[in-house]
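These notes concern the structure reproduced below.
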Amino acid sequence: MREKINFNGNWLFHMGELEHQVQKVTEKTGTCGGASNLTEEEGFVYKLPLHVAKVIGTDNGNSWYNIAKNLEGKWDNIEVPHDWKIRQDYEAPGQKTGFIFSKDSSKGYLPDGVGYYRKKFSLPKEALEKRIIIEFEGVMRDSIVWVNGCYIGSHLSGYTGFAYDISEYLFYGDEGENVILVKTDSTYKEGWWAEGAGIYRDVWMYQLDPVHVKRHGTFVYCKDITESKANVIIETEIENTLTSDCSVTVRQTLISKDNKKLHQHEKELSLVFLGEGKISFDMTVENPILWNLENPYLYRMLTEIVKNDVLVDNYETLFGIREIQYTSQGLVVNGKSIELKGVCEHQDFAGVGIALTPDIIDYKLTRIKEMGANAYRSAHHPATDYLLQACDRMGILVLNENRRFEVTPQGLSDLEDLIKGSRNHPSVFMWSLENEELITMLPPGKRILKALVVQAKKLDPTRLFTIAGQFAKGDEEYESIPEVIGINYDDGNAKARLEKYPDSLVMASEDASYVSTRGIYKDNRKLGLCDSYDSGKYYAKLAQSEDSEISTGSLGGAVSNSNLVYCWNNYKNEVPALGGVFIWTAFDYRGETFPWHWPTINSQYGAMDMCGFAKDVYYYWQSVWQDTPMVHVLPHWNWQGKEGQNIFVNIYSNCEEVELFINNESQGRQKHTKGLITNWDAIYTPGEIKVIAYKDGKAVAEDRRVTAGEPHAIRLSKIYNGKNEDLFKAEVIDKSGVVCPTADNHIQFSVENGEIIGVGNGNPASHESDIADHRKAFNGLALVIVRKSSGHITISAESEDLESDKICY
C-alpha cells in the first residue's frame, strides 16, 4: 500500500559553502564523501575485503571510501519549509542604485549564496520490498541531492517540484542509517524579485509497491455538464518497476463529500516489465453538485490497484465538477458570468519569507477574500499544491502561471510539472504561459510561444491558455497565438484589438501597480516611503526631484486617468470584454523596491503590507468589488502643528452619496460615483473626522478617524487562529484605546508553551530581522507569529514606558 510520510522534520542546516565541497562526479560510486555520507564520528565503517586488508594492514577502509572523520562546519537544527535568505543581514548598496533593474534592489538587498540541508533517517527491513521516492515540492534555487554518498540528481527551477527514486541507494533494517544531503544555490536569479532560498516547500517520502500510480498520474475532467448529469473522465498512468510483466486490476471509485460511494468501475491492465500503462474510465454523475465560488464542492476519486488479489496501491484525487468558459463577455462558470476580481501575488510574507506554512497561506487567502477578491494569479510561477487545495476549498479562482519561457528539455519538464501537478484543481480556470518576456518582440519569441501552446494543450486540452503580455502588446501575430490575450497594463490595446478583431478574447492579466505605504500621506524619498493618495504612477514619483505635497487640483471626483482609478474604470466603462482585472498586488513583497530603492527593501505595490495589515488602497478595491455598503476615509487625524491648515481627505465608497463631519459638524454632502474618489480640503481640528455614506437617501455605512493621544499601552489581539500557527497583531494605543497612527515603540514578545517563528511590522524600510522575538511598531502596528504546542499558551508584549498586554488561551 502507498505510504506518504512527511519528511519536514529533523534537518540540519549549514549556511555557506563547505570547506571540502561535495562532488557530483567521483571515480567510484558512493564516494562523494564529506557531508553526503555518514561520518566516522557517526559510526560509519567500510570494511575492506580480506585480501586487501592483508596488504594494507587494516580492515578499515574509510579513507578508500572517502569517509570524513566528522561533519565540518556549523550545523543548526531546523525544520522545513525554511528560507535561509531572510536569516541574513541586509546589505547597503555599494553605489547609487540605477533605474528599475538595480541588482541589489531587485533582490531586496539580501545576499545570495549557498546553503546545505542534511538529514539522517532509518528504514525498516520491510521497506526493501518497496520503491522509496523522495519528493521536493520546491527548492530555491539550483539544487543538488546526494544520498549515502551517491549523486542522485540536480534541479534548476525553484518553482517546480521534483522527485527521485532512491530505492537502490538506501540501507534497510540493520544494514545501517541513511543520510540525504541537499545543496541549494541562490547565486543566479530565476525571477527579478527577492526569491528567497532553501528548501522552502514541503518534502515527502513515499513508500510504494513496485506497481503504482505515477507521480501526478491521474487526470480527472468533466464534459457535457448540466444540472441533471455530468460526464466524468479519469485517465490514470500506472508504472511497473518490476523486472517481469504483470497484470493488475485498476478500480476507480467516485466518492462524495460526505463519503458516499457514488460509482465504481474496474478494468484489467497488462503491464510490461519496467514499463508504463494508461487506462481511462468514463462515469456519469446524476444530479451533480457543481463547484462554484459560493459552494466549492469537492468530489474524491479513489484509484486502487489490485495485483494477485492484493491491494497494492491507493491514490486519491480531489476534483470539482464545473464548466469554465471564457467569452467576449469574460469568464463564465457553470453558465454564470463572473467578474474577475483578481490579485497578482508572489510567495512571500513577514516572519517566514517564502517558507509559507499552510496557516499563513490560509491567512493570506482569507485576507484577499475579505477585500472582495475572487481570483488569484500566481505571479510569476506555479502555485504550491497547498495553495491550490486552499483555493479549491475556499472558492477562489486561480490563473496558474509558467515561469520559464523555454522549449528546452528543462523548460518543457517544468511546464509538465506545472500542468500535470495542478490540472485536477477546479480552482485553476486558465493557464498563463509567459509574463512580460523581452524575446516576444522578436521572431523566436513567437515560435517559442507556439511550441509551448502545442505542448501545453497536449497536457490539458480542457482549459484555455493565455499570456501576461507587455512588450509585444499590439503585435497582431503574437496576440493571435494564445486563445486569450492577456494584457498587462492596458492603455487602449484591448479596445484597439477588439475594434479590428471583434471575436478576440481579452483579459486584464495585470494592472494598477499602485505604490503606497501604510499610514503614510506624504512621499519620503529619504526613507523610500510612498504616500497613500492616488497621486499618480510610480514613474511620476521617479521624476520627482524632491518630496512634495499632494497637488489637490489634479485629483477629485472626476479622476479617471490616475494609477489607482484607471484600471477598474477602464474595464468597467471602456472594455467590459476584459472580464475584470488582476491588480498588482495583494501584499507587499521583498525586492522590486520601486520607486526609490534603498533604504526600502521590499515593494510597496500591495493593497496590504507584508503582514497583511490593510493599507488605504485595500478599501478602494473593497469599494468596487463588494456590494455590502461601505465607506472609508483617509488620512488619519493626527496632524499636530497643522491646526487650522487644510488636510486633503479622500473617500472610497460603493454608495451614492457621502457626507463629511469634523467634530460632528457637517462639511457638506457630495454625490459619489463607485470606482472614483470623492475628496475634501478639510481644515484640521483635533478630535474626530467622520464620513457617512448614503443609498437612496438613507445612511448605510460610516467610517471615522480619531486624534490619538500619547502612546500609553500595547494591545494584543489574535488575528488568525490556525491549526499550527496563530498570528497576533500588536497595537500601540493611547489611554482611550485609540491606535497611535505614527507610533514606533519597540515591542518585546515572549511566549510560554509555544514558539515565536517570526515578526514583522509592514515597514518597507525596516532592516530589523524577521527572525526575532522583538520588533519596532510601524505606524502603530506590529505582527508576531506563534507556533503552537499542546496545552495552554501565553503570549505577552512589553515595551518601555507602555503598559504591557498578554493573551492566555
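The values are calculated or read from the model by the stated rules, or taken from the named source; none is laboratory data. Just so we're clear, the structure is a prediction, and the values are computed from it rather than from any experiment. We place every Cβ from the backbone using ideal geometry, glycine too, and count neighbours over all the protein chains shown.
Which one is nearest to residue 171 (Cα to Cα) among residues in region 23-56 that are among the aliphatic types (A, V, I, L, M) and modelled with pLDDT under 95? Only one residue fits best here, namely 45. Only one of the listed residues (566, 571, 533, 501) is among the aromatic types (Phe, Trp, Tyr), assigned by TED's automatic domain parsing to the domain that holds residue 486, at pLDDT 90 or above and within 25 Å of residue 596 (Cβ to Cβ). That residue is 533. The set of residues from region 629-656 being free of Cβ contacts under 8 Å to residues at least 60 places away in the same chain and in contact with a Gly (Cβ under 9 Å, 6 or more places away or on another chain) comprises 654, 656. Within region 755-774, is there a residue that is hydroxyl-bearing (Ser, Thr, Tyr), within 28 Å of residue 110 (Cβ to Cβ), in a loop (DSSP other than H, G, I, E, B) and not assigned by TED's automatic domain parsing to the domain that holds residue 639? Yes; the residues of region 755-774 include at least one that is hydroxyl-bearing (Ser, Thr, Tyr), within 28 Å of residue 110 (Cβ to Cβ), in a loop (DSSP other than H, G, I, E, B) and not assigned by TED's automatic domain parsing to the domain that holds residue 639.
Hey, among 702, 659, which residue is in contact (Cβ under 8 Å) with a residue 40 or more places away in the chain and more than 18 Å from residue 644 (Cβ to Cβ)?
None of the other options fit; the residue is 702.
Of note, residue 736 does not satisfy the criterion of being small (Gly, Ala, Ser) and free of Cβ contacts under 8 Å to residues at least 24 places away in the same chain. Residue 273 - would you say it is surrounded by fewer than 13 Cβ atoms within 10 Å (Cβ to Cβ) and aromatic (Phe, Trp, Tyr)? In short, yes.
Would you check if residue 658 is modelled with pLDDT of 95 or more, in contact with a Ser or Thr (Cβ under 8 Å, 6 or more places away or on another chain) and not in a strand (DSSP E or B)? Outline the logic, then answer.
Working: modelled with pLDDT of 95 or more: yes; in contact with a Ser or Thr (Cβ under 8 Å, 6 or more places away or on another chain): yes; not in a strand (DSSP E or B): no.
Considered against the rule, which asks whether it is modelled with pLDDT of 95 or more, in contact with a Ser or Thr (Cβ under 8 Å, 6 or more places away or on another chain) and not in a strand (DSSP E or B), residue 658 comes out as no.
Restricted to region 105-119, and to residues there that are among the charged types (D, E, K, R) and within 23 Å of the chain's Cα centre (by Cα), the residue that is surrounded by the most Cβ atoms within 10 Å (Cβ to Cβ) is 107. Only residues that are crowded, with 18+ Cβ neighbours inside 10 Å and either β-branched (Val, Ile, Thr) or under 21 Å from residue 306 (Cβ atoms) (or both) were counted across region 220-240, and they come to 8. Set side by side, the residues 169, 164 differ, and just one is surrounded by fewer than 20 Cβ atoms within 10 Å (Cβ to Cβ), of a type outside the set (A, V, I, L, M), closer than 29 Å to residue 388 by Cα and not assigned by TED's automatic domain parsing to the domain that holds residue 596, which is 164. The C-beta contact set for region 23-52 (first residue closer than 19 Å to residue 74 by Cα and in contact (Cβ under 8 Å) with a residue 24 or more places away in the chain, second residue basic (Lys, Arg) and not in a loop (DSSP other than H, G, I, E, B), distance under 9 angstrom, 6+ apart or interchain) comprises 35/118; 36/118; 38/120; 42/120. Each residue in region 137-153 was checked for being under 20 Å from residue 85 (Cβ atoms) and surrounded by fewer than 22 Cβ atoms within 10 Å (Cβ to Cβ), and 3 of them qualify. Taking the listed residues 268, 294, 316, the one that is surrounded by fewer than 19 Cβ atoms within 10 Å (Cβ to Cβ), modelled with pLDDT of 95 or more and outside any strand (DSSP E or B) is 294, with no other qualifying.
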